[in-house]
């Protein structure tokens, strides 16, 4: 596996893919949080929103893309579902490192850097993932995510 190190102080180039289906309520804030990431060793080269939306998601993405050329809307010709959207992102992405983020995820300011850092600095790392933390006060939602976290802790990691 090719390492993506920092030789000659070059920044790691990252393509971010966001599969979106009717995410008008979250896509604007989500893109804003990506564009506001604190980056030391990375360059977010492009942010591709792969959309099959019937709501105002596409218009919101296009408005943001007019303000930042890194943001691009990729419309699929037919309904592909999540795996099809991910495959389309992989075909369109131009960076050596790909990051996939759900459209309803609100990132902390250093999330992208922390996700990518092990790929550059640790031998044998070919992929990373993050843990979602609910921001709702609903006890049912919190219980679901706590159960999800516990399940992930007892299930062996893929090596």
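The values are calculated or read from the model by the stated rules, or taken from the named source; none is laboratory data. Nothing here was measured: the structure is a model prediction, and the numbers come from that model. Virtual Cβ from ideal backbone geometry, glycine too; neighbours counted across all protein chains shown.
Just to check your reading of the model, which residue among 16, 47, 34 is touching a helix residue (DSSP H, G or I) at 6+ places or on another chain (Cβ under 9 Å), in contact (Cβ under 8 Å) with a residue 60 or more places away in the chain and not in a helix (DSSP H, G or I)?
Going through 16, 47, 34 in turn, just one is touching a helix residue (DSSP H, G or I) at 6+ places or on another chain (Cβ under 9 Å), in contact (Cβ under 8 Å) with a residue 60 or more places away in the chain and not in a helix (DSSP H, G or I): 16.
Specify which of the listed residues (91, 70, 79) is under 20 Å from residue 34 (Cα atoms) and surrounded by fewer than 20 Cβ atoms within 10 Å (Cβ to Cβ).
So the residue among 91, 70, 79 that is under 20 Å from residue 34 (Cα atoms) and surrounded by fewer than 20 Cβ atoms within 10 Å (Cβ to Cβ) is 70.
Going through the stretch 67-113 one residue at a time, which ones are closer than 15 Å to residue 31 by Cα, over 11 Å from the mean Cα position of the chain (by Cα) and modelled with pLDDT under 95?
108, 109, 110
Restricting the search to the stretch 66-103, which residues are in contact with a helix residue (DSSP H, G or I) (Cβ under 7 Å, 6 or more places away or on another chain) and either touching a residue at least 60 places away in the same chain (Cβ under 8 Å) or not assigned by TED's automatic domain parsing to the domain that holds residue 43 (or both)?
Result: 97, 98, 99, 100, 103.
Looking at (1) in a loop (DSSP other than H, G, I, E, B); (2) free of Cβ contacts under 8 Å to residues at least 40 places away in the same chain; (3) within 19 Å of residue 118 (Cα to Cα), find the lone condition where residue 53 falls short.
Condition (3) is where residue 53 drops out.
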